[in-house]
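Shown next, in structure tokens, is the structure this report addresses.
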Amino acid sequence: MTTQPQPHPLLILYSHGRTPPLHPPPDLKFDLRTISNPPKALRAVSDGRSKRLREHLLSDDKFVSKLGDVEERIGEGMGVKMGEWEEERKRKKSVGDEDGGAGWGSGIGTSEEGEVEREKSDQIDGAEIDEEEDRSASVDDADDDMVSHEGPVLRVGCFCALGHHRSVAFVEELARLKWPREWRVEVVHRDIEKKKGWEDCWCRWRWCR
């Protein structure tokens, strides 16, 4: 009897400016503008990837507390995603068995099913969703790996005013937390190069564990 391989959850962490919002909307969204900005002199010579800037923010109790809160929300959110994914896998297997094996192995859901799953995930506790802004977004920020990934995917958006410092540092620190070994973690800094005039440049950092 052939058994299906265990899924590898994919966690995608986005940093970005307030506008435009991510499109499609992330499963969880967090506002970092309540965190005090680093000193102007430090911001002028570095972005949120800088160790010095991150260390400055890590000295802020509010920043550290936010990290802990978001870590917990991500764990809960991924748990929901894994449950939904497992149910969908069972449903597809059942349909495939009834059809003589057809219907399994084509990935998770069609575009219509994917939309239903995204709507469900928008209701995960802790997500801060601005539906009006999400509908107004014209840029598609969906990750190609998310579409082809065979397993549950959780997309987390962290934003500040411009997407250069607080949100970038926050995502960098989130990525350094001790997530389960079977998770794949990907970081996308959407707006970090905008100050240089490269409007469409994304800086990415990715690894598998």
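The set of residues from the range 143-168 being modelled with pLDDT under 95, surrounded by 13 or more Cβ atoms within 10 Å (Cβ to Cβ) and hydrophobic (A, V, I, L, M, F, W, C) comprises just one member, M146.
Counting only helices (runs of 4 or more DSSP H) that sit completely within the range 1-99, those holding 1 or more residues that are loosely packed, with under 11 Cβ neighbours inside 10 Å and modelled with pLDDT under 95 correspond to 61-98.
Yes or no, residue by residue, for (1) out of contact with any Lys or Arg (no Cβ under 8 Å at 6 or more places or on another chain); (2) without any contact (Cβ under 8 Å) to a residue 12 or more places away in the chain:
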| position | (1), (2) |
| --- | --- |
| R33 | no, no |
| A44 | yes, yes |
| E71 | yes, no |
| G79 | yes, yes |
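The values are calculated or read from the model by the stated rules, or taken from the named source; none is laboratory data. It should be emphasised that the depicted structure is a prediction, and the values quoted were computed from it without experimental measurement. Cβ: placed from backbone, ideal geometry, glycine included. Neighbour counts: every protein chain shown.
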